[in-house]
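*Asks:* Got a structure for you, written out below as C-alpha cells; questions coming shortly.
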Amino acid sequence: MEEISFVELLNRVRHGDSAAAGQLIEEYEDVIRREIRFSLFDWRLRRVADESDICQSVMLRFLVRVWSGSFEFEKPNDLINLLKTMVRARVADLHRHCTAQRRDVRRTQPFDSGIPTAAKTPAPDSAVLRANFLADFERRLDEPQRTILKLRRDGLNWVQIAERIDQTTDRADAIRKRFERAVARVSTELGIEL
C-alpha cells in the first residue's frame, strides 16, 4: 500500500466511510489474526473466545478510536504495531477475565466433556461495518463532543481545538480528557470495551 493511499484511507475512515473501513479491515485482518494465533496459545481460552471474537473486538475498538481521532499514523508500520499491541492487550484482558477466581477456566471440565466451544462468528466486516454504527455512535455524543469530533476530523490538534472552543490553549488537555470520557461512555453504552 502506498503511503499516500494509506493516509487517504485513514482520513476516509475518520470521516465515517464504511467502504474505507471495510478496505482497512480487509488489508489488516490477516495481521490481526496471525497475532491472535500467536498470542492465544492457551486452549482453555480458545474454548471461551475464538479468533473471530478477538479479531472483531480489536477491529471494533480500533475503528471507534480512529473515528474519534484518538489515533494518528504516519505509515502502515505504525498501524501494524498498534494492532498487534491491541491484540496482545485484548488477549491479556481475556486471560484476566477468564482466570478470575469465580470463573477460572482452569477449573472447568475437560474439553471433551461435551461443553460447547465458542461459536463461530461471521467475518468482522459484517458486524463492524453496519451502515448506521458510526451514525449511532455520533448521535449518542453530546453536542459539544460532536463539535470536537468534527474539529478532530478536520485535522485540528487539541491546542487548536481549545483555542476555538475556549479561546485559550491551557485547557487543551482538559478538553481532550472530557472528549475521551465521552467516547468511553458511548462505547460502553454500545457494548464496546475500549
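*Asks:* When only DSSP loop residues count, what GluC sites (Glu not before Pro) in the stretch 1-85 have their Cβ near at most 11 other Cβ atoms within 10 Å?
*Replies:* E2, E74
*Asks:* Let me know the charge dipole size of the stretch 132-194 about its Cα centre in debye, to the nearest 20, where only the beta-carbon of Lys, Arg (+1) and Asp, Glu (-1) is charged.
*Replies:* The calculation lands at about 40 debye.
*Asks:* Between K75 and D93, how many nm apart are label points set 7 Å from Cα along the C-beta direction?
*Replies:* Here the answer is 2.9 nm between the modelled labels.
*Asks:* Within a 10 angstrom radius of the beta carbon, how do F179, F6, F73, F41 rank from fewest other beta carbons to most?
*Replies:* By the 10 Å Cβ count, ascending, the order reads F41, F73, F6, F179.
*Asks:* Between E27 and Q160, what is the spin-label point distance in nm, taking each point 7 Å from the Cα along the Cα→C-beta axis?
*Replies:* About 2.3 nm separates the two model spin labels.
*Asks:* Would you mind ranking I161, I80, I148 by Cβ crowding within 10 Å, fewest neighbours first?
*Replies:* Result, fewest neighbours first: I80, I161, I148.
*Asks:* Moving on. What's the exposure ranking of K177, K150, K84, going from fewest to most Cβ atoms within 10 Å?
*Replies:* K177, K150, K84
Computed from the coordinates by the stated procedures, all read-outs in this text should not be read as laboratory data. Just so you know, these numbers come straight off a predicted model, no measurement behind them. A quick note on method: Cβ atoms are made from the backbone with ideal geometry, for glycine too, and the neighbour counts reach across all protein chains shown.
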